[in-house]
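One structure is given below, encoded as structure tokens.
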Amino acid sequence: MTVPKHLDEAAARMKEATFRIEAARQGPVTCENQKIWLEALTDYCLALSEVQAFCNESVHEKLHELAGRTGLRKFPGGS
């Protein structure tokens, strides 16, 4: 699967988790509602982590593509 496809899926999971978080916050303060809120918050954080990782990967790919176009074999300061 391509990086943009992964990003789209992770962003969709974040959006869905946001709706669940808001719904849980609007409900009564009960143990069950807090459990729902915590699960949704966990799902949001995991999806956010994936978005960040895939964005970093995308930037990394673009930097290597640019380096290839300019004929740069090694990045300055790199090992």
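The values are calculated or read from the model by the stated rules, or taken from the named source; none is laboratory data. Please read all numbers here as calculations on a predicted model, not as lab measurements. As a convention, Cβ positions derive from the backbone with ideal geometry for all residues, glycine included, and neighbour counts pool all protein chains shown. Calculation scope for accessible area: heavy atoms of the full protein, side chains included, ligands and nucleic acids excluded. Shrake-Rupley method; radii C 1.70, N 1.55, O 1.52, S 1.80 Å.
So here's what we get for this one:
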| read-out | value |
| --- | --- |
| Sole exception among (1) free of Cβ contacts under 8 Å to residues at least 12 places away in the same chain; (2) surrounded by 10 or more Cβ atoms within 10 Å (Cβ to Cβ) for T70, by number | (2) |
| Cβ-Cβ under 7 Å pairs, at least 6 apart or on other chains, the stretch 44-56 side crowded, with 17+ Cβ neighbours inside 10 Å, far side of a type in the set (V, I, T) | Y44/T18; Y44/I21; F54/V3 |
| Some residue of the stretch 9-28 being part of a helix (DSSP H, G or I), under 27 Å from E61 (Cβ atoms) and in contact (Cβ under 8 Å) with a residue 40 or more places away in the chain | yes |
| L46 at pLDDT below 95 and either closer than 26 Å to E9 by Cα or small (G, A, S) (or both) | no |
| Matching residues in the stretch 1-21 - criterion: being among the β-branched types (V, I, T) and either open to solvent by less than 40 Å² (accessible area, probe 1.4 Å) or over 16 Å from L41 (Cβ atoms) (or both) | T2, V3, I21 |
